[in-house]
Amino acid sequence: MNDKNAAIGVFDSGVGGLTVAREIIRQLPEESITYFGDTARVPYGSKSKDTIIRYSRQIIRFLKTKNVKAIVVACNTASAFALDTIEKEIDIPIIGVVKPGAKSAVESTKNKRIGIIGTEGTIKSELYTQYIHSIDPEITVVGKACPLFVPLVEEGMLHDSVTDEVASRYLESMKEENIDSLILGCTHYPLLRSTIGQIMGEGVTLVNPAYETALELGRLLKEQDMQSTGQGQSDFPYRFYVSDLAEKFKGFANSILPFDVEKTQKIDIEKY
């Protein structure tokens, strides 16, 4: 059995998973986090299933060298393509962002019409749709890939006329679908929440899988009696690793996390 006070491993294709880390920090303040962002190989959304499984295995091997007690796949594409395969291969709990987000959308819809926006990979995988239909087959799910959102977020263009224009174009068709719940099916998208909310209007509930995943993680740790006691927690219980561009990552992390990240370490993920 792992040490209760060991860290939670969190990984993503880049910086988007920091929205998941942020929610874990808010909701589970006793827990430590070891985060890995695969900044050398981002984006995952346009890559094949085999490639994403290979990347995910390498990252999990790396995180296990840090003795994490559980892993959160804070990337919708990796959750969609790799989670089913890798959860059979490891001996510690692992959760993704898709199921908690899908479950919350099912609970929030009144008219049984749910929209999902995400990367090409997530939308094509139809994993959200399959999971929603496993709960309620009568729900209509409308998917829309929004590939430009990720680079706009990573360039820091969160409140910019270009982003507003791109969002309006992407969401135009979604507005005609009479949905009442919209899943932000990419970890970057909660950072565009206000823009998306403004375009979709008050009648549409925005579902943030990052928030739901942190709640799910809390339940899982409690169930398995793995909650940290907070003892022996270092002064700064959060560690950040990337496969490239450590300084750029650190700058982005500092803009969205509730504290300053003093150090981000670059590692050679291909060695794992």
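The values are calculated or read from the model by the stated rules, or taken from the named source; none is laboratory data. From a predicted model like this one, the values you see are computed outputs, not experimental measurements. With ideal geometry, Cβ positions are generated from the backbone for all residues, glycine too; neighbour counts draw on all protein chains shown. When the accessible area is computed, the model is the full protein with side chains, heavy atoms only, and any ligands, DNA or RNA have been set aside. Shrake-Rupley method; radii C 1.70, N 1.55, O 1.52, S 1.80 Å.
Would you mind stating whether Thr195 is open to solvent by less than 60 Å² (accessible area, probe 1.4 Å), among the β-branched types (Val, Ile, Thr) and within 26 Å of Arg41 (Cβ to Cβ)?
Working: open to solvent by less than 60 Å² (accessible area, probe 1.4 Å): yes; among the β-branched types (Val, Ile, Thr): yes; within 26 Å of Arg41 (Cβ to Cβ): no.
No.
Of all residues in the stretch 123-152, which are assigned to a helix (DSSP H, G or I) and hydrophobic (A, V, I, L, M, F, W, C)?
Of the residues in the stretch 123-152, the ones assigned to a helix (DSSP H, G or I) are 123-125, 127-135, 149-152.
Residues satisfying the conditions are Ile123, Leu127, Ile132, Ile135, Phe149, Val150, Leu152.
Sub-8 Å Cβ pairs linking a first residue in the stretch 54-83 that is on the phi > 0 side of the Ramachandran plot to a second residue that is of a type outside the set (Asp, Glu), at least 6 apart or interchain, are Asn67/Asn2; Asn67/Ala6; Asn67/Ala7, ordered by first then second residue.
When we screen Ser56, Ser104 for residues that are within 26 Å of Ile196 (Cβ to Cβ) and not in a strand (DSSP E or B), the only hit is Ser104.
Answer yes if at least one residue in the stretch 198-208 is surrounded by 23 or more Cβ atoms within 10 Å (Cβ to Cβ), among the β-branched types (Val, Ile, Thr) and modelled with pLDDT under 95, and no otherwise. The answer is no, given that none of the residues of the stretch 198-208 is surrounded by 23 or more Cβ atoms within 10 Å (Cβ to Cβ), among the β-branched types (Val, Ile, Thr) and modelled with pLDDT under 95.
In the stretch 153-260, counting only strands (runs of 3 or more DSSP E) that sit wholly within it, the ones holding 2 or more residues that are in contact with a helix residue (DSSP H, G or I) (Cβ under 6 Å, 6 or more places away or on another chain) and not aliphatic (A, V, I, L, M) span 181-185.
Each row is one residue, and each column tells you yes or no for (1) of a type outside the set (Gly, Ala, Ser); (2) modelled with pLDDT of 95 or more; (3) under 17 Å from the mean Cα position of the chain (by Cα).
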site: Gly37; (1), (2), (3): no, yes, yes
site: Ile53; (1), (2), (3): yes, yes, yes
site: Lys64; (1), (2), (3): yes, yes, no
site: Asn67; (1), (2), (3): yes, no, no
site: Ala102; (1), (2), (3): no, yes, yes
site: Ala105; (1), (2), (3): no, yes, yes
site: Ile114; (1), (2), (3): yes, yes, no
site: Ile123; (1), (2), (3): yes, no, yes
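Quick check: is even one residue across the stretch 23-33 outside any loop (DSSP other than H, G, I, E, B), in contact with a Gly (Cβ under 7 Å, 6 or more places away or on another chain) and surrounded by fewer than 23 Cβ atoms within 10 Å (Cβ to Cβ)? Scanning the stretch 23-33, I find at least one residue that is outside any loop (DSSP other than H, G, I, E, B), in contact with a Gly (Cβ under 7 Å, 6 or more places away or on another chain) and surrounded by fewer than 23 Cβ atoms within 10 Å (Cβ to Cβ), so the answer is yes. Flag: Ile92 matches the condition of being outside any helix (DSSP H, G or I), over 18 Å from the mean Cα position of the chain (by Cα), buried (at least 17 other Cβ atoms within 10 Å of the Cβ) and of a type in the set (A, V, I, L, M, F, W, C). Residue count for the stretch 53-67 under the criterion of being closer than 16 Å to Ile95 by Cα, hydrophobic (A, V, I, L, M, F, W, C) and either touching a helix residue (DSSP H, G or I) at 6+ places or on another chain (Cβ under 8 Å) or surrounded by fewer than 22 Cβ atoms within 10 Å (Cβ to Cβ) (or both): the result is 3. Is it fair to say Val42 is among the β-branched types (Val, Ile, Thr) and buried (at least 23 other Cβ atoms within 10 Å of the Cβ)? Spelling it out, it is not the case that Val42 is among the β-branched types (Val, Ile, Thr) and buried (at least 23 other Cβ atoms within 10 Å of the Cβ). Residues in the stretch 117-129: is at least one over 24 Å from Val204 (Cβ atoms), free of Cβ contacts under 8 Å to residues at least 24 places away in the same chain and touching a strand residue (DSSP E or B) at 6+ places or on another chain (Cβ under 8 Å)? No, that holds for no residue. For beta carbons closer than 7 Å, sequence separation of 6+ or different chains, a first residue in the stretch 149-177 that is touching a residue at least 24 places away in the same chain (Cβ under 8 Å) and within 23 Å of Ile114 (Cα to Cα) and a second that is of a type in the set (Phe, Trp, Tyr) and crowded, with 18+ Cβ neighbours inside 10 Å, the qualifying pairs are Phe149/Tyr189.
Which one of Phe36, Phe81 is open to solvent by 10 Å² or more (accessible area, probe 1.4 Å) and not charged (D, E, K, R)? Can you show your working first?
Details: Phe36 fails: open to solvent by 10 Å² or more (accessible area, probe 1.4 Å).
None of the other options fit; the residue is Phe81.
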